[in-house]
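The values are calculated or read from the model by the stated rules, or taken from the named source; none is laboratory data. What you see is a predicted model, and the numbers here were worked out from it, not measured in a lab. Positions of Cβ are generated from backbone atoms using ideal geometry, with glycine treated the same way; all protein chains shown enter the neighbour counts.
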């Protein structure tokens, strides 16, 4: 949950890719970040970016 909390502000930066965010937060891969983010927040990181 702490990693997802860290991913939220990073997701708002349109210059950062979701892949680079997953690497920065040390997720196994980009898909895992997306799955966990969606499970906890109900929306994908890319969708969260445009709220």
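Points to keep in mind about this one:
- Exactly one residue among 42, 31 is at positive phi and out of contact with any helix residue (DSSP H, G or I) (no Cβ under 8 Å at 6 or more places or on another chain), and that residue is 42.
- Under the condition of being over 8 Å from the mean Cα position of the chain (by Cα), surrounded by 12 or more Cβ atoms within 10 Å (Cβ to Cβ) and assigned to a loop (DSSP other than H, G, I, E, B), the residues counted in the range 39-51 number 1.
- Filtered residue count, the range 15-25, keeping only those that are closer than 14 Å to residue 5 by Cα and surrounded by 16 or more Cβ atoms within 10 Å (Cβ to Cβ): 2
A quick yes/no check of all residues on (1) surrounded by 16 or more Cβ atoms within 10 Å (Cβ to Cβ); (2) without any contact (Cβ under 8 Å) to a residue 24 or more places away in the chain:
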{"site": "1", "(1), (2)": "no, no"}
{"site": "9", "(1), (2)": "no, yes"}
{"site": "27", "(1), (2)": "yes, no"}
{"site": "30", "(1), (2)": "yes, yes"}
{"site": "37", "(1), (2)": "yes, no"}
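Okay, residues lined up against (1) out of contact with any helix residue (DSSP H, G or I) (no Cβ under 8 Å at 6 or more places or on another chain); (2) at pLDDT 95 or above:
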residue	(1), (2)
1	no, no
7	no, no
12	no, no
16	no, no
36	no, yes
46	no, no
51	yes, no
